[in-house]
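Participant: After the structure tokens below, expect a handful of questions from me.
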Amino acid sequence: MISVDEALEQLRGLAQPLDIETVPLRDAAGRVLAKTVTTARQQPPFAASAMDGYAINFSEFIAGKTLRVIGESAAGARFEGKIFEGEAVRIFTGAPLPTGADWVVIQEDISRISNQITIRETSESKPHIRPAGADFEIGQTLEAPQILTPQLVALLASMNIAEVPVTRRPDVALISTGTELVMPGETPGPDQIIASNTFGLKAMLEQLGATVRLIPIAHDTLPALNTAFDLARRADLIITIGGASVGDHDLVADVAETLGMERSFYKVAMRPGKPLMAGKLGHSAMIGLPGNPVSAMVCGTVFVQPIVRAMLGLGFAAAPQLDATLAADLPANGPRTHYMRAAVQDGKITAFDRQDSALLSVLAQANALLIRAPNDPARTAGEAVKYVAL
């Protein structure tokens, strides 16, 4: 049995960034930018008005000054001439600034009669002009890797980048094992339960950016497990749920090894989640998760998420540990790292009383996993502790 840190180090070697593909910008949101991109244009491409008003030369920005309006500049339809002394051009927001102008008087600060404007007394001290390249210059880069948020997609569009190099989404195959399992919506027999882990993990990994396939539930028989592995064999990551312990009906490890799995480790000194297995099966990374619902979800947070992020090119890193203050006393911890379901509010963390690894209702209320080190002594309210956010 190895420590959590040792298990994470072993898993680091199982996860490599996947290949790069190019997608249309319209499909890039949420993907991971795989190569740094560079813009060949500046934004704005010309000096532009930031307000509706009149383009003039600053030397004539004088209260009481009267100027003749000689034309109009609108977005997409610039004024082609040049402004000389005593002249102004009607201009609208986003329109190119005419040659000879270096100031925009907002329309609220003028009086207009026919084609003449008179500048009113004003406290304005800004030119209301967006200089060429004020947003970004030619040659500006968007660095990789990073997740493409809606804001970054908008920036790429402004940079005139229509196709984006992104990391391929990891193909993850989820295999729930157990004769006792049926799918949600089915009618379970008297000795059966609903398969829940698969759906929680699918939601978790899709949120990270993976493509997740649900393999049909594999009963606790060699033919059923062989069929499930055959269906999953082309996946980048194969995750089995249940069947990885040492009971008479726990056959996953034996079948995987028969198929050629190179095991990295088996059993981790943690709770919940001790019967955890990992290795390599052909070109696929493989993780065998415990069957208890909370154990599977906790191990998904602690171990599976770092692998998926690494495959996406974001680097392998354990879930960030945050700081909080205990809201209530805690007894001493046992010999395994304990990830306690907890709630954090206003910087204070409270561990739930019930920590059984089968209680999904408790996990559903939690927004944190309070981390207790092996043999951690009793803690009192007010002490600082570490947690992982859910």
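The values are calculated or read from the model by the stated rules, or taken from the named source; none is laboratory data. Quantities reported herein were computed from a predicted structural model and do not represent experimental measurements. Reconstructed Cβ throughout: ideal geometry from the backbone, glycine too, with neighbour counts over all protein chains shown. Ligands, DNA and RNA are excluded from the accessible area calculation, which covers all protein heavy atoms including side chains. Shrake-Rupley method; radii C 1.70, N 1.55, O 1.52, S 1.80 Å.
Participant: If each residue of separation counts as 0.36 nm, what is the full-extension length gain between Ala157 and Thr258 once their alpha-carbon separation is subtracted?
Facilitator: The Ala157-Thr258 span can extend by a further 31.3 nm.
Participant: Let me ask another. Multiply the residue gap between Asp19 and Thr122 by 0.36 nm, knock off their C-alpha separation, and tell me the result in nm, one decimal place.
Facilitator: Contour length minus Cα-Cα distance gives 31.1 nm.
Participant: Is there a quick way to get the dipole size of region 38-160? I mean about its Cα centre, with the Cβ of Lys and Arg at +1 and of Asp and Glu at -1; what is the value in debye to the nearest 20? Kindly include the intermediate steps, with their values, before the conclusion.
Facilitator: On the way: 10 positive and 14 negative charges, 41 e Å.
Using Cβ point charges on Lys, Arg, Asp and Glu, region 38-160 gives about 200 debye.
Participant: Quick one: how many Å² of Met159 are accessible to a 1.4 Å probe, rounded to 10?
Facilitator: Only protein atoms counted, so the area is about 10 Å².
Participant: Taking Rg/Rh (Cα atoms, Kirkwood Rh) as the quantity of interest, determine which of (i) 1.22; (ii) 0.94; (iii) 0.98 was computed from the displayed structure.
Facilitator: (i)
Participant: Would you mind putting 123-129, 283-289 in packing order, based on average other-beta-carbon counts within 10 Å, highest first?
Facilitator: 283-289, 123-129
Participant: In the Gaussian network model of the chain, springs joining C-alpha atoms below 10 Å, which of Gly30, Gly139, Gly64 carries the largest mean-square fluctuation?
Facilitator: Gly64
Participant: Would you mind checking which residues have amide H under 5 Å from Ala47's amide H? H placed 1.01 Å from N; only 5 or more apart, or other chain.
Facilitator: Leu97, Ala132
Participant: Here's something else I'd like to know. Tell me, what is the FRET efficiency for Ile106 and Gln146 to the nearest 0.05, using R0 = 56 angstrom and their Cβ-Cβ distance as r?
Facilitator: FRET efficiency, Ile106 to Gln146: 0.90.
Participant: Of all accessible surface on the chain at a 1.4 Å probe, what whole percent is carbon and sulfur?
Facilitator: Ligands and nucleic acids excluded, carbon and sulfur reach 51 percent.
Participant: Multiply the residue gap between Thr38 and Arg12 by 0.36 nm, knock off their C-alpha separation, and tell me the result in nm, one decimal place.
Facilitator: On the way: separation 26, 0.36 × 26 = 9.36 nm, distance 3.11 nm.
Value of the extension gain: 6.2 nm.
Participant: Suppose R0 equals 51 Å; then what is the FRET efficiency for Asp5 and Thr99 from their Cβ-Cβ distance, rounded to the nearest 0.05?
Facilitator: 0.20
Participant: Moving to a separate point now. If I model a spin label as a point 7 Å beyond the Cα along the Cα-Cβ vector, how far apart are those points for Ala358 and Ile138 in nm?
Facilitator: 7.0 nm
Participant: Would you mind computing Rg(Cα) / (2.2 N^0.38 Å) for region 83-208, counting N as its residues?
Facilitator: So the Cα radius of gyration is 2.19 times the expected 2.2 N^0.38 Å.
Participant: Percent of Cα-Cα pairs per 5 Å bin, from 0 to the last occupied bin, for region 286-390, please list those.
Facilitator: 2, 13, 21, 23, 20, 12, 6, 2, 0
Participant: What is the total of Lys pairs in the chain with C-alpha atoms under 29 Å apart, excluding same-chain pairs fewer than 8 positions apart?
Facilitator: 14
Participant: So how do 182-189, 295-302 stack up, highest first, on mean other-Cβ count within 10 Å? If you can, show how the numbers build up before the last one.
Facilitator: Values: 182-189: 10.8, 295-302: 24.2.
Peptide ranking by packing, descending: 295-302, 182-189.
Participant: Given Cβ point charges of +1 (Lys, Arg) and -1 (Asp, Glu) and nothing else, what value in debye, to the nearest 20, does the dipole of the chain about its Cα centre take?
Facilitator: It works out to roughly 260 debye.
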